[in-house]
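Enquirer: Once you've had a glance at the structure underneath, I'll fire off some questions.
Each reported figure results from applying straightforward, stated rules to the coordinates on display, with no laboratory input. In this text, all values refer to a predicted model and were calculated from it rather than measured experimentally. As a convention, Cβ positions derive from the backbone with ideal geometry for all residues, glycine included, and neighbour counts pool all protein chains shown.
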Amino acid sequence: MKKITVALTNKHYDVLIEKGLLNNAGKLISSVWAPRKVAIVSDDNVAPLYQQQLADQLTNNGFTVHCYQFPAGEASKSLSQLQTLAQQLVTDNFNRDDGVVALGGGVTGDLAGFLAATYMRGISLIQVPTSLLAQVDSSVGGKTAVDLGTTKNIVGSFYEPDLVLIDPTTLKTLTQRDLVEGYGEIVKVAAMTGGNFWQLIEKIESPTDILANAMSLSEGSIQFKADIVMADEKEGGQRQLLNFGHTIGHAVEALANGKLRHGEAVSIGTVAICQDFEEAGKTVAGVTAKIRTQLAAVGLPVSSPLLSSPQILDKIKHDKKNHNGHLNLVYIKKIGQPAILTVPENQISNTLKVPRQ
């Protein structure tokens, strides 16, 4: 079993990674939580696969379990769905000594995490991510949120879990599109990390290779993110590096109106910003081609007609990471060397070639 410890000023928790870990989840959870009432929150895709298994594990270890489901998809990451789940907790008499287990992908982790963060001003939370995107990215770092319309993650909080349990065998039940979506975030991290992690990425040539190397891919991604979060929990400085590929990616995702997954948009955004900075001489020549090749190898999109939309610049300017009229653009000087360039909002179009002609 791989263990990565996230040690923050006021919180310590472990991320455990092991094939077949769900078969032992009840015992692992009981090592950090005393018996209590637990809400297992899943969407209606994941719940039929793993919810009862986890419920049985917890029941066998002395917990009282309630299973909640919500409709799968980004549309459920809303204040109305949050209210529905909170009302279920009220109906089942949950109190501050109880807990929420987020079992599922990124939407579940964000939604159930924000539920735990806000119910009675905060109850205990454990993340059990079942998608690659959630395992390598959203389950670690404490970001929880819901969307307002097409504005992603605009209402939320930083709320760290007590434990993160990652079982790579859950990836086998994903569709190929759902699997490779998470790989967009992995390549983003590896490009910033360089070294052995990037060398591993260069060996990934298909979705099958992702599954075969899932343990190592998760460990490398999570260790990088954990190090960043421990240095900058609330995104005041270094944590902004995790936004590499997201400035353009979020804009493309919003314009796609649900037709692009988050990881797919990040893939497009990563290539686009690398191309812009390479053309400006700030990124070493050839880096964009390397990243594009690795993303395309598993079937991720590396460009989009939406990059030519007249609306994309407005979406970028109104990104929630806009600070007092400035955007901090994350790029890489070369593989393994990330950097941040602060650009005034009125000069974004001079730095990013959007909309593209």
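Enquirer: Using the Kirkwood radius over Cα pairs, work out the Stokes-Einstein diffusion coefficient for region 100-164 at 20 °C and 1.002 mPa s, in µm²/s as a whole number.
Expert: For these conditions, the coefficient is 190 µm²/s.
Enquirer: Would you mind checking the tilt of helix 176-193 against the longest principal axis of the Cα atoms of the chain, expressed as 0 to 90 degrees and rounded to 10?
Expert: On a 0 to 90 degree scale, this one is about 60.
Enquirer: When the convex hull of the C-alpha atoms of the chain is computed, what volume per residue in Å³ does it have?
Expert: Spelled out: Cα convex hull of the chain, divided by residues, is 120 Å³.
Enquirer: Setting aside same-chain residues fewer than 8 positions from residue 315, which aspartates and glutamates have a Cα under 16 Å from its Cα?
Expert: Result set, ordered by chain and number: 147, 253, 345.
Enquirer: With a/c under 1.5 counting as rounded, go ahead and sort region 2-173 into rounded, prolate or oblate using the C-alpha gyration tensor (a ≥ b ≥ c being the square roots of the eigenvalues; past the cut-off, prolate if a/b is larger than b/c, else oblate). Can you show the working numbers first?
Expert: Working: a/c = 1.25, a/b = 1.17, b/c = 1.07.
Cα axes put region 2-173 in the rounded bin.
Enquirer: What lysines does residue 282 reach when the alpha-carbon gap must be under 17 Å and sequence neighbours fewer than 8 apart in one chain are set aside?
Expert: Answer for residue 282, where 17 Å is the Cα cut-off: 290, 333, 334, 353, listed by chain and number.
Enquirer: If you average 1/r over all unlike Cα pairs in region 167-304 and invert the result, what Kirkwood radius do you get in angstrom?
Expert: For region 167-304, inverting the mean 1/r across all distinct Cα pairs yields 15.3 Å.
Enquirer: Can you list residues from other chains, or at least 5 along the same chain, whose modelled amide H is less than 5 Å from the amide H of residue 143?
Expert: For residue 143, the qualifying residues are 159.
Enquirer: Give me the percent of DSSP beta bridges within the chain that run antiparallel, rounded to the nearest 5.
Expert: 45
Enquirer: Assuming 0.36 nm per residue, please report the length gained on full extension of the stretch residue 87 to residue 44 beyond their Cα-Cα distance.
Expert: 13.6 nm
Enquirer: Work out, step by step, the length gained on full extension between residue 30 and residue 238: first 0.36 nm times the residue separation, then minus their alpha carbon distance; give nm to one decimal.
Expert: Length difference between fully extended and current span is 71.5 nm.
Enquirer: Taking only pairs that are 8 or more places apart or on different chains, how many Lys pairs in region 2-173 have Cα atoms under 14 angstrom apart?
Expert: 6
Enquirer: Please label the shape of region 1-41 as rounded, prolate or oblate, based on the square roots a ≥ b ≥ c of the eigenvalues of the alpha-carbon gyration tensor (a/c under 1.5 means rounded; beyond that, a/b larger than b/c means prolate, else oblate).
Expert: Oblate, because a/c is 1.5 or more while a/b does not exceed b/c.
Enquirer: Just the number, please: percent antiparallel of the DSSP beta bridges in region 1-139, rounded to the nearest 5.
Expert: Values: 6 of 23 bridges.
Once the DSSP bridges in region 1-139 are tallied, antiparallel ones form about 25 percent.
Enquirer: Would you order 343, 128, 354 from fewest to most other beta-carbon atoms within 10 Å of each residue's own beta-carbon?
Expert: So the ranking, lowest neighbour count to highest, is 343, 354, 128.
Enquirer: A follow-up question, please. Mind giving me the nanometre distance, one decimal, between the label points for residue 203 and residue 285, set 7 Å out from Cα along Cα→Cβ?
Expert: 3.1
Enquirer: Okay, moving on. Between region 308-357 and region 184-249, what is the separation of their alpha carbon centroids in Å?
Expert: Region 308-357 and region 184-249 have Cα centres spaced 21 Å from each other.
Enquirer: Which shape class, rounded, prolate or oblate, goes with region 299-349 when its Cα gyration tensor gives a ≥ b ≥ c as root eigenvalues, a/c under 1.5 marks rounded, and past that a/b bigger than b/c marks prolate?
Expert: Cα axes put region 299-349 in the oblate bin.
Enquirer: Now a separate question. I'd like to know how region 194-243 sits against the 2.2 N^0.38 Å rule of thumb: what's its Cα Rg over that expected value?
Expert: With N residues counted in region 194-243, Rg over 2.2 N^0.38 Å equals 1.34.
Enquirer: A follow-up question, please. Straight distance only, please: which aspartates and glutamates reach the Cα of residue 225 with their own Cα at less than 16 Å, same-chain residues fewer than 8 apart left out?
Expert: 14, 137, 160, 185, 233, 235
Enquirer: How high is the FRET efficiency between residue 175 and residue 215 when r is their beta carbon distance and R₀ equals 25 Å, given to the nearest 0.05? Show your work: numbers first, answer last.
Expert: Numbers: r = 21 Å, r/R0 = 0.84.
Using R0 = 25 Å, I get an efficiency of 0.75.
Enquirer: Spin-label point model (7 Å from Cα, Cβ direction): what's the residue 120 to residue 324 distance in nm?
Expert: 4.0
Enquirer: Taking 7 Å along the Cα-to-C-beta vector as the label spot, tell me the residue 346-residue 8 distance in nanometres, rounded to one decimal.
Expert: It is 3.8 nm.
Enquirer: Okay, next question. Rank 211, 350, 252 by how far each Cα sits towards the positive end of the charge dipole of region 177-351 (+1 on Lys, Arg Cβ; -1 on Asp, Glu Cβ) and give me just the farthest.
Expert: My answer, from the dipole projection, is 350.
Enquirer: What order do you get for 187-198, 90-101 when each peptide is scored by the mean count of other beta carbon atoms within 10 Å, highest first?
Expert: Ranked by mean Cβ neighbours within 10 Å, highest first: 187-198, 90-101.
Enquirer: State the extension gain, in nm to one decimal, for the chain segment bounded by residue 155 and residue 293, taking 0.36 nm per residue of separation less the distance between their alpha-carbons.
Expert: Value of the extension gain: 46.1 nm.
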